[in-house]
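Laboratory data are not the source of any read-out in this text; all were calculated from the coordinates shown. Given the structure is predicted, the values throughout are model-derived calculations rather than measurements. FYI the Cβ positions are ideal-geometry reconstructions off the backbone, even for glycines, and counts take in every protein chain you see.
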Amino acid sequence: MNPGNPTSHCPICESTLEYYFSKTYPTYPGSPFQDAKTIDYVKCGHCGFVMSKTHAEMEPEEWAALNVSWHHHFERNIEQRITNQPPYADQSLALSMLDKAGLVDLDDCLDYAAGYGTMAKFMSKYFGRSIQIFDRYVVDEQSALRYVDAANLGKYRLVVNSAMFEHVLNRESLEEVNDLVADNGVLMLHTVVCETVPKNPDWFYLAPMVHTAFHTNRSMNILMEQWGYSHSMYSPQAKSWFLFKKDHPGIGRIPALVRDINREIQTRYFFDKPGFVDYWKGF
Ligand SMILES: [Zn+2]
């Protein structure tokens, strides 16, 4: 790639992607790259979405090997695992409150890309609710979890998606998630979204090397419009957004409900607004 030249088009808004910056990652035990690897990041001039051009152009085998080696590396590093995981407990609490309020339906819920089902286990143990889960790469046959087969995936009034949006290489992977949400449903999303992705190779969220996509408030707002979501809520404790399809019957109740819950627990637990809640302005 020639830095400075337009490369391709934004998977979110189709505007031109331009070279943004590069970062060189050292090799590590098990890496498919024998030497340090330089990753080139490109940025959309319209919505600010940033992605790794280098990852997007990798051979599928190379991308798979990178993921396997990182997963391995990660599993052995308990310290890192504990500090970087989604806040499963608060996600379960937030979902339970919204279920009680009738805004989401845990009886018709799929946790997509759920891995070993950490949140489903927590939800079952502490909240007594059993949710369905799906993962293309992981199935724990021994567990009592309700894994759904790919052939049996349908539409759900609630889809949960944690720690996936930052790993995608193309638009299709994002569409797979939205395709599961019913026309009047809710998508709960856990990822990092900021106002502007810093032009800084040392920015914390570039690591680990398997992070490939960096969303902005503007790019998320565009996705919501394209997908027919009109309102959102955000919980800083759960680090999750709740996106409501425009035909969701409870949209009119959201502002009062958020006010009531926050007053009840005397915390700004939820934020809400039409469009995407732009909670994070910088890091
Ligand atoms: Zn864009």
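Listing for the model above:
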item	result
Qualifying positions in region 122-177 - small (G, A, S) and in contact with a Ser or Thr (Cβ under 9 Å, 6 or more places away or on another chain)	S124, S130, A144, S162, A163
Where R136 falls short, out of the listed (1) touching a residue at least 40 places away in the same chain (Cβ under 8 Å); (2) over 15 Å from the mean Cα position of the chain (by Cα); (3) surrounded by fewer than 21 Cβ atoms within 10 Å (Cβ to Cβ)	(1)
Which listed residue, of V186, V210, V197, is in a loop (DSSP other than H, G, I, E, B) and away from the ligand (no atom under 16 Å from the Cβ)	V210
Residue check, T27 within 25 Å of the chain's Cα centre (by Cα), more than 16 Å from the ligand (Cβ to nearest atom) and among the polar types (S, T, N, Q)	no
K121 being among the basic types (K, R), part of a helix (DSSP H, G or I) and either in contact (Cβ under 8 Å) with a residue 12 or more places away in the chain or buried (at least 16 other Cβ atoms within 10 Å of the Cβ) (or both)	yes
Tally, over region 16-54, of residues that are of a type in the set (G, A, S) and surrounded by fewer than 16 Cβ atoms within 10 Å (Cβ to Cβ)	4
Set A101, A114: member being closer than 25 Å to F271 by Cβ and in contact (Cβ under 8 Å) with a residue 12 or more places away in the chain	A101
Residue tally, condition loosely packed, with under 14 Cβ neighbours inside 10 Å and in contact (Cβ under 8 Å) with a residue 60 or more places away in the chain, over region 227-252	2
Total residues in region 26-52, condition over 26 Å from G115 (Cα atoms) and outside any loop (DSSP other than H, G, I, E, B)	8
